[in-house]
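Taking it in order: structure first as structure tokens, then the write-up.
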Amino acid sequence: MNTETKTSEERVRADRTDKLYEHIPEGSTLLSIEGLNVTYRTEKNTTVAVERFDLDVKKGELISIIGPSGCGKSTILRSIAGLQKPTAGTVKIDGKECTAPGSDRGMVFQDFALFPWRTVLQNVEFGMEIAGVPKEERKERALRYVKAVGLEKFANSMIHELSGGMKQRVGIARALVMHPAVILMDEPFGALDAQTRNIMQEMLVKIVEHSARTILFVTHSVDEALYLSDRVVILSKRPSTVYKIVEVPWKRPRDRADPEFAALRKTILGYLEEQNVME
Ligand SMILES: Nc1ncnc2c1ncn2[C@@H]1O[C@H](COP(=O)(O)OP(=O)(O)OP(=O)(O)O)[C@@H](O)[C@H]1O
Ligand SMILES: [Mg+2]
């Protein structure tokens with residue numbers, strides 16, 4: 001197939017899926033998850049990971065998902081990405097059910113999932129190659145995002161030459177460059193040292209401020225959730241369902257030292273403790 005001959009309409013479908021939803025106003029529901037249930041069955045075990053999970057995500061919203069270890073957070077993100085078939089329930093974007101992976105949902109994986117035989121720039125270009133974006137434009141766009149994540153000097157480096165934090169930035173650039181309607185991030189900063197983590201959080205805040213991105217972000221850090229998101233979804237212990245939803249009322253950038261910040265952090269930690277009780 002000659003991937004370079006797609007019409008502009010097909011291109012919007014494949015590599016600028018945010019444009020497909022321009023008719024939805026900011027703040028209206030873009031993504032809705034209803035009655036999600038994921039049950040894993042192996043020869044020895046049946047594990048209900050997610051049960052009766054419902055969530056409406058508004059266009060332009062950044063939602064953090066936080067919950068006890070092993071409660072089903074990655075399972076929820078994978079189901080939204082179309083990488084895990086739900087046992088029951090639906091994932092819909094603009095009212096249309098998603099049953100397979102699609103370029104309208106960009107995923108940033110915790111373990112990076114980069115192509116080791118490609119350079120930084122070539123990794124970021126990958127999705128655009130599949131979508132049939134012409135070579136010149138592809139390179140120009142990829143370079144813009146490589147710069148945005150501070151990796152300009154490493155554009156032509158191989159993946160094994162990068163540190164963990166740098167690899168994660170490639171993963172973020174690769175997802176963002178496609179302008180997906182929804183960005184799914186599974187603990188993207190979890191493996192980073194505290195300082196790099198703060199820098200990456202600043203970067204994400206800038207991205208959110210400069211473009212209307214709809215983001216679902218899994219984290220273990222209450223501090224990170226409060227610093228970044230519009231709403232924090234706290235999950236129950238497994239099988240995970242929505243336990244509490246906390247609205248974060250402040251504009252960005254936020255002040256972690258503010259007493260109100262500390263008070264809300266305490267409230268959320270309290271909810272988490274209620275769910276962390278071992279049975
Ligand atoms: N492919 C699989 N087959 C069988 N069981 C699975 C599979 N994937 C996950 N599980 C189980 O489902 C439950 C939820 O797993 P999941 O990875 O979604 O949790 P999580 O909240 O992301 O955990 P963590 O906080 O450690 O990242 C766990 O009990 C896990 O053992
Ligand atoms: Mg996980």
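No value in this document is a laboratory result; all are computed from the given coordinates. Bear in mind the structure is a predicted one, so any value in this text is a computation, not a measurement. A quick note on method: Cβ atoms are made from the backbone with ideal geometry, for glycine too, and the neighbour counts reach across all protein chains shown.
The table below gives the values:
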read-out	value
Options 65, 80; residue that is touching a residue at least 12 places away in the same chain (Cβ under 8 Å), under 18 Å from residue 246 (Cβ atoms), within 18 Å of the chain's Cα centre (by Cα) and within 16 Å of ligand 2 (Cβ to nearest atom)	65
Top-ranked residue in region 145-162 [being in a loop (DSSP other than H, G, I, E, B) and among the aliphatic types (A, V, I, L, M); ranked as surrounded by the fewest Cβ atoms within 10 Å (Cβ to Cβ)]	155
Selection within region 190-227 - within 20 Å of residue 76 (Cα to Cα), more than 16 Å from ligand 1 (Cβ to nearest atom) and of a type in the set (A, V, I, L, M)	215
Condition check for residue 28: closer than 27 Å to residue 251 by Cβ, surrounded by fewer than 16 Cβ atoms within 10 Å (Cβ to Cβ) and of a type in the set (S, T, N, Q)	yes
In region 114-133, the residues that are in a loop (DSSP other than H, G, I, E, B) and out of contact with any Gly (no Cβ under 7 Å at 6 or more places or on another chain)	115, 116, 117, 118, 132, 133
